[in-house]
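All of the numbers you see were taken from the coordinates with simple rules; none came from a lab. These numbers come from a predicted model, not from an experiment. In this analysis, Cβ positions are derived from the backbone assuming ideal geometry, glycine residues included, and neighbour counts consider all displayed protein chains.
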Amino acid sequence: MSTVYLNGEYVSKDQAFISVDDRGFLFGDGIYEVTSAYRGKLFRFDRHLARMKRGLSALRIDLDPSGLEEVHTRLLKENGLEDAPVAYVYLQITRGVAKRSHRFPASPVAPTVYMFAGQYTRPAREQWEQGYKAVTVNDVRWARRDLKTIQLLPNVLGAQASGDHGVDEIVFVQDGMAIEGSHNNFFMVFGETLVTHPLSNQILPGITREVVLELAGTLGYEVQERSVTVEEMFAADEAFHSGTLSEVKPCVEVDGRAIGDGRVGPVTRSLFDAFLAETGGTG
Ligand code: PLP
């Protein structure tokens, strides 16, 4: 049984319980984070921490997560993942336990902090080289998708739609624009130009997105952060999703239509190779 962290304690997962009055359970009133670790080293933790702080502040949950870096590292150790090629730590912070009422608790309660670690098995390169397929899904999420809240029902339904269609991923479509995936950001490649939806309330500011943009600069690709219509997406030479547990994931088909020649392209491949180098070339 794995060891998890709950409210200051490291316990066996089967001994970790939360109250039915937890506002995360009742209202989805909280935030989460997923941080990857390459051979035990947390990747861009400062960026994840900054996103946590921003989310907690937007939700007005009074907790400074700065001390949780140690918990991340210890959870990896407790679960024998400090040497894993790729592992991750999941974190969830809710407003805490209080009698059910939409308003915040009248007297402040301690937020609930739950964390666990797991291993990520990167697909074999041959599988990655086949590329992945996606379907478009109408985006019905709320207007603060820039916050990593635990209210994920549209993402859950979207991800299920991909399963129902026998494909791997989705592309959320908002006002005719291809904006991001259900658990990752989305890039399109036109020639040697990389295009992705701009940061706004419409998408999550992905840490991997940011890393990909940096790597693109280093590799000499032009980068445009602008919206792209679905029609234009189908004219792209290449496309890929980016995310902590997606890394750089080539998308070769959307709604049964090939992107480019329907094969993984050179720009996606070079970005993935640069990403692997950036994360220590492990896995
Ligand atoms: N977009 C959405 C909707 C997500 O849920 C995620 C990650 O969970 C991302 C993008 C990618 O973010 P990151 O690269 O920080 O994992």
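Of the numbered criteria (1) more than 23 Å from THR208 (Cβ to Cβ); (2) buried (at least 16 other Cβ atoms within 10 Å of the Cβ); (3) among the aromatic types (Phe, Trp, Tyr), the one PHE45 fails is (1). Scanning region 184-199 for residues that are surrounded by 23 or more Cβ atoms within 10 Å (Cβ to Cβ) and within 20 Å of GLU33 (Cα to Cα) returns ASN184, ASN185, PHE186. Restricted to region 246-263, and to residues there that are out of contact with any strand residue (DSSP E or B) (no Cβ under 6 Å at 6 or more places or on another chain) and within 16 Å of the ligand (Cβ to nearest atom), the residue that is farthest from LEU213 (Cα to Cα) is SER246.
For (1) surrounded by 17 or more Cβ atoms within 10 Å (Cβ to Cβ); (2) within 15 Å of the ligand (Cβ to nearest atom); (3) hydrophobic (A, V, I, L, M, F, W, C), each residue gets a yes or a no:
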{"site": "SER182", "(1), (2), (3)": "yes, yes, no"}
{"site": "ASN201", "(1), (2), (3)": "no, yes, no"}
{"site": "GLU214", "(1), (2), (3)": "no, yes, no"}
{"site": "GLY220", "(1), (2), (3)": "no, no, no"}
{"site": "VAL228", "(1), (2), (3)": "yes, no, yes"}
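ALA50 meets each of the listed conditions (1) surrounded by 13 or more Cβ atoms within 10 Å (Cβ to Cβ); (2) more than 16 Å from the ligand (Cβ to nearest atom); (3) of a type in the set (Gly, Ala, Ser) apart from (2).
Within region 19-29, can one find any residue that is away from the ligand (no atom under 13 Å from the Cβ), assigned to a loop (DSSP other than H, G, I, E, B), polar (S, T, N, Q) and in contact with a Ser or Thr (Cβ under 9 Å, 6 or more places away or on another chain)? Before the answer, list the steps.
If we filter region 19-29 for residues that are away from the ligand (no atom under 13 Å from the Cβ), which is where we start, we get 19-29.
Imposing the further condition that a residue be assigned to a loop (DSSP other than H, G, I, E, B) reduces the set to 19-21, 28-29.
So of that shortlist, the ones also polar (S, T, N, Q) come out as 19.
From what is left, the residues that are in contact with a Ser or Thr (Cβ under 9 Å, 6 or more places away or on another chain) are 19.
Yes, region 19-29 contains a residue that is away from the ligand (no atom under 13 Å from the Cβ), assigned to a loop (DSSP other than H, G, I, E, B), polar (S, T, N, Q) and in contact with a Ser or Thr (Cβ under 9 Å, 6 or more places away or on another chain).
Note on region 150-180: among residues that are in contact with a Gly (Cβ under 9 Å, 6 or more places away or on another chain) and acidic (Asp, Glu), the one that is nearest to the ligand (Cβ to nearest atom) is GLU180. Taking region 78-110 only, how many residues are without any contact (Cβ under 8 Å) to a residue 60 or more places away in the chain and surrounded by 21 or more Cβ atoms within 10 Å (Cβ to Cβ)? Of the residues in that region, 5 qualify.
Let me confirm something: among SER246, SER270, which residue is surrounded by 14 or more Cβ atoms within 10 Å (Cβ to Cβ), within 21 Å of the chain's Cα centre (by Cα) and either of a type in the set (A, V, I, L, M) or at negative phi (or both)? Quick ask: steps written out before the conclusion?
Numbers: SER270 fails: within 21 Å of the chain's Cα centre (by Cα).
Every option except SER246 fails the conditions.
For PHE45, state whether it is within 16 Å of the ligand (Cβ to nearest atom), out of contact with any Gly (no Cβ under 9 Å at 6 or more places or on another chain) and not charged (D, E, K, R).
Working: within 16 Å of the ligand (Cβ to nearest atom): yes; out of contact with any Gly (no Cβ under 9 Å at 6 or more places or on another chain): yes; not charged (D, E, K, R): yes.
For PHE45, the condition - within 16 Å of the ligand (Cβ to nearest atom), out of contact with any Gly (no Cβ under 9 Å at 6 or more places or on another chain) and not charged (D, E, K, R) - is met.
Determine, yes or no, whether ALA161 is out of contact with any Asp or Glu (no Cβ under 9 Å at 6 or more places or on another chain), part of a loop (DSSP other than H, G, I, E, B) and either of a type in the set (Lys, Arg) or over 29 Å from ASP273 (Cα atoms) (or both). Judged against the criteria, ALA161 is not a match.
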